[in-house]
Amino acid sequence: MSSTPALPPLFTALPSFPSAPPGVPAAELNSTSCTEWDQAHHLLFHLGSLALLLALALPSTMSLHMILLRLLLMTGCALFIVWATLYRCNLDVMVWNVVFLLVNFMHLFFLLYKRRPIKIDRELRSVYKRMFEPLHVKEALFQRLTGQFCTIQTLKKGQAYAAEDKTSVDERLSILLKGKMKVSYRSHFLHNIYTNAFIDSPEFRSTAMHRGEKFQVTIVAEENCKYLCWSRERLTFFLESDTFLNEVFRYLIGKDITNKLYSLNDPTLSDKMRNSMASTSDTEDVLNQILQRGSAGSSPHQFTVNNSID
């Protein structure tokens, strides 16, 4: 009868270690055990901790939430630096809080830079106040709109902005800043264009889907004029990237076309009456409509018709 060799055990018992060397108390082996508590830290430590607590407890609904957050974090870090330097002589605590202080200072500087007052060019201030500010377009956004791909150009009295059947409508969109222009068709007077009004809004709207067309009217400066001119291609690209501003432009152009239609029906309307029509009292309703239509994508023609009915 053959004997089967014994298999080695799967687990071997670990050797037992002595609970404590002879003559050494067991409590000294565990470095994390607290036998005695230190005294409370200096008042600066508690003030720094309080500043961090207030920073984390700030409600995010406050208008200056991020600025106050960074200020309180910087205050807490500064108090920890003083505490670690003067009362603890702890280098690593001081160095880390200096790093935190610098990071929060850079964030605070960036936040204050974003809130800096925007200076709008004196020649454009009237356009902004009259046309864009009532629709809650921020000054920084207006500066982006007018600061990159548009120019301020001039026309002397008698010079033509556009000639019928000759000038292409694909190149630009303009707002008259100063002076007065006359619009005519085959030498027949149609209406005038006054300050703070689009010069070629009907052409911009009617040829949105059909390029390569020419002006069907002649536009001539009745006085020395100055106008703000956008490159049509770059303006269209910019508006496609900003839904809110795109809807604002659609409203302003539709309103301008409506005013021109009124001028065709009654050429004797004074400049003051046209301006009063251009600035309606339902700004809040218009703004709400623009915000609601930001993602609706309704047709330009329908939007113009609604403005005409209003």
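The values are calculated or read from the model by the stated rules, or taken from the named source; none is laboratory data. Because the structure is a prediction, the values reported are computed rather than measured. Neighbour counts run over all protein chains shown; Cβ positions are idealised from the backbone, glycine included. Protein only, heavy atoms only, side chains kept; ligands, DNA and RNA dropped before computing areas. Shrake-Rupley method; radii C 1.70, N 1.55, O 1.52, S 1.80 Å.
Scan P117, P134 and give me the residue that is open to solvent by 40 Å² or more (accessible area, probe 1.4 Å) and either touching a His at 6+ places or on another chain (Cβ under 6 Å) or under 30 Å from R70 (Cβ atoms) (or both).
One residue alone meets the criteria, P117.
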Only one of (1) in a loop (DSSP other than H, G, I, E, B); (2) closer than 15 Å to L264 by Cα; (3) not acidic (D, E) does not apply to H191, and that is (1)
Per the list (1) surrounded by 19 or more Cβ atoms within 10 Å (Cβ to Cβ); (2) touching a residue at least 60 places away in the same chain (Cβ under 8 Å), residue check on I175 breaks on (2)
By my count, helices (runs of 4 or more DSSP H) wholly in segment 218-303 with at least 3 residues that are modelled with pLDDT of 90 or more and either under 22 Å from the mean Cα position of the chain (by Cα) or among the small types (G, A, S) (or both) are 243-265
Being open to solvent by 70 Å² or more (accessible area, probe 1.4 Å), assigned to a helix (DSSP H, G or I) and touching a residue at least 40 places away in the same chain (Cβ under 8 Å), is that true of even one residue in segment 62-80? yes
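Any idea how many residues of segment 93-125 are under 30 Å from K226 (Cα atoms) and either over 20 Å from the mean Cα position of the chain (by Cα) or in a helix (DSSP H, G or I) (or both)?
So the count comes out to 4.
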